[in-house]
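Student: Sharing a structure, written as structure tokens. Questions coming.
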Amino acid sequence: MKTVLTAKKPKQFDVIIAGGGPAGVLCACELYALGYRVGLVDAGEVSARLEGLAPRAVQLLQRKGLESALQAVSDYQARQVSWGSLRDSANGEHLVDRPQFDALLRRSAEQRGIIGIKQRIVRFQPNDQHVHVHVAQGEPLLARFVVDARGRRANRMEHAKRAPKNVALAAWLQVAEWPVGTQIIALEQGWLWSAKAASKRDVWVQLLVDAHTLPAQDQLAKTIETAWQQAFGMKAQVLSKPVVRGADFRLHQTWHLAEHILPIGDAACAFDPLSGHGMFWAFSSALSAVAVVNTVLHDPSLERTALCAQFYRQRQTETFWRQARVGRDFYQASGQQHKFWQQRASWPDQQPIDFTSVSKPIIFTGPAIRANQIEATRLLQVPDEVSPVAWFGELRLVDTLEACWNWKKQGQVLDFESFERLCKPQVSQAVLMRCWQWLHRHHLLDRPIHA
Ligand SMILES: Cc1cc2nc3c(=O)[nH]c(=O)nc-3n(C[C@H](O)[C@H](O)[C@H](O)COP(=O)(O)OP(=O)(O)OC[C@H]3O[C@@H](n4cnc5c(N)ncnc54)[C@H](O)[C@@H]3O)c2cc1C
């Protein structure tokens, strides 16, 4: 990454991405592809660690042309689960060497033409024309829009909806004869994730405990070694300085889109690592943010900005609650009784994972993404799905439904063939079939819904 920009004049960008982790890099690349002048500012402070990458995140990187970063990603590894009475090895993950992975992602961004700046951001200062991005050394950078991708360290992050406080202690461990792959084990005081990549001799071990039980600095290594012995009944020796990271659920609370600053990734919504999908959600929020930034830069009117804020806040909030409930159910499934487990098995509430406040299908006008822009469109919300639906591929869902109801009102039989004719011809057979089945599953073709 390039170092400090020394020019006397402040550097101006359309968009500055603050933070070059997975979310920041993907967002930078997508905005650059839309024709924006993008600066990617990163302090280069990723601690040495292994993490698990979900296969769908690997596919996303391939689709987005970021496959060079997969050099830092292992083959798929099975995960051995020992979670209360549950013993399972049906799932797995790819292992990611994060410092190498993040550096490769940033290199890939720079190779496309994105300007990489190695700097520590101190603060953002919005004014009428630009957001000033103050950095530790040199003149502020200027941008029409700032995407805050600084992860959990984003200083505007508020923690009103924080879950029980977690910390993860992790280190490299020397263990005799250990198999390649990952293990997750529920212990009394928390849970332990261990990972061995084929390319490494040592094992990465991460112990997640309640922040209030975090031992003193000089006891961290001993705590990890003891947890290992508890989990596997064998001794091992910590080889590296233990890393301590905050690891609780967090949701950004104030969405100042009118100031042209938008948090993404962990800076918007961060999860308990038990989800194992933090990076995937970070990528996913980066993709929604692209449509938001693109829309606001094209049409900065208050009305459109408010629509974008509504869209983005809803997406983040839905993801947050859904993942929090998924986490709660995992903690419940352990069957453990210790305080650590009881607190997490009852947070955030007792609602089902896909809880929504609607009891029957409704149609309403709200924001949705269309061709990298946020537009107001008619949406359909069904009771057992968290998010309302606007489109099936190229098919506008509510228009399609209305065409079906009209067809039936004329006394015609609605079968798949007539459904095909009622839909636009450019829609693929696969999308049509998916839509047809979805409409049936939710009994939406039976009778009209009144908006
Ligand atoms: C203990 C733990 C274990 C996890 N395990 C997994 C896992 O196995 N699988 C998984 O998918 N997810 C896991 N996660 C979640 C995953 O790490 C995050 O979701 C993901 O890294 C978020 O990406 P991001 O780009 O939003 O932020 P980050 O990856 O945090 O990137 C932020 C970037 O911003 C930069 N930055 C920060 N502050 C500044 C500043 N002031 N100026 C300039 N640059 C700055 C940093 O250098 C960094 O490059 C885990 C999280 C924790 C805490």
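The values are calculated or read from the model by the stated rules, or taken from the named source; none is laboratory data. Since this is a predicted model, take the numbers as computed values, not measurements. Note that each Cβ is placed from the backbone with ideal geometry, even for glycine, and that neighbours are counted across all protein chains shown.
Student: In region 280-298, what count of residues is obtained for those that are touching a strand residue (DSSP E or B) at 6+ places or on another chain (Cβ under 6 Å) and either within 13 Å of the ligand (Cβ to nearest atom) or in a loop (DSSP other than H, G, I, E, B) (or both)?
Tutor: 1
Student: So, one more: Restrict the check to region 55-77 and report whether at least one residue is within 10 Å of the ligand (Cβ to nearest atom), closer than 23 Å to V147 by Cβ and either exposed (fewer than 15 other Cβ atoms within 10 Å of the Cβ) or not assigned by TED's automatic domain parsing to the domain that holds S194 (or both).
Tutor: Restricting attention to region 55-77, the residues satisfying the condition of being within 10 Å of the ligand (Cβ to nearest atom) are 57.
Filter again for closer than 23 Å to V147 by Cβ, leaving 57.
Remaining after also requiring either exposed (fewer than 15 other Cβ atoms within 10 Å of the Cβ) or not assigned by TED's automatic domain parsing to the domain that holds S194 (or both): 57.
Yes.
Student: In this structure, is D248 within 15 Å of the ligand (Cβ to nearest atom), assigned to a loop (DSSP other than H, G, I, E, B), among the charged types (D, E, K, R) and in contact (Cβ under 8 Å) with a residue 12 or more places away in the chain?
Tutor: When the stated conditions are applied, D248 passes them.
Student: Let me ask another. Quick one: which of Q437, Q337, Q350, Q410 is free of Cβ contacts under 8 Å to residues at least 12 places away in the same chain and either assigned by TED's automatic domain parsing to the domain that holds N294 or touching a Lys or Arg at 6+ places or on another chain (Cβ under 7 Å) (or both)? Write out each step before concluding.
Tutor: On the way: Q437 fails: either assigned by TED's automatic domain parsing to the domain that holds N294 or touching a Lys or Arg at 6+ places or on another chain (Cβ under 7 Å) (or both); Q350 fails: either assigned by TED's automatic domain parsing to the domain that holds N294 or touching a Lys or Arg at 6+ places or on another chain (Cβ under 7 Å) (or both); Q410 fails: either assigned by TED's automatic domain parsing to the domain that holds N294 or touching a Lys or Arg at 6+ places or on another chain (Cβ under 7 Å) (or both).
Criteria check complete, one pass: Q337.
Student: Among the residues of region 217-245, write down those that are within 16 Å of the ligand (Cβ to nearest atom) and either assigned to a loop (DSSP other than H, G, I, E, B) or closer than 30 Å to T305 by Cα (or both).
Tutor: As a first pass, look at region 217-245 and keep what is within 16 Å of the ligand (Cβ to nearest atom): 220, 223-224, 227, 240-245.
Within region 217-245, S240, K241, P242 qualify.
Student: Failed condition for L262, given (1) in contact (Cβ under 8 Å) with a residue 40 or more places away in the chain; (2) more than 11 Å from the ligand (Cβ to nearest atom); (3) in a helix (DSSP H, G or I); (4) out of contact with any Ser or Thr (no Cβ under 8 Å at 6 or more places or on another chain), with all others met?
Tutor: All conditions are met except number (3).
Student: Further question: Checking the condition among the small types (G, A, S) and surrounded by 12 or more Cβ atoms within 10 Å (Cβ to Cβ), which residue from S359, S418 passes?
Tutor: Numbers: S359 fails: surrounded by 12 or more Cβ atoms within 10 Å (Cβ to Cβ).
Just a single option satisfies the conditions, and that option is S418.
Student: Then there is this: Consider region 76-105. How many of its residues are within 19 Å of the chain's Cα centre (by Cα) and more than 15 Å from L61 (Cβ to Cβ)?
Tutor: Looking only at that region, the number is 2.
Student: Quick one: how many residues across region 26-52 are more than 6 Å from the ligand (Cβ to nearest atom) and over 23 Å from A170 (Cβ atoms)?
Tutor: Qualifying residue count, region 26-52: 15.
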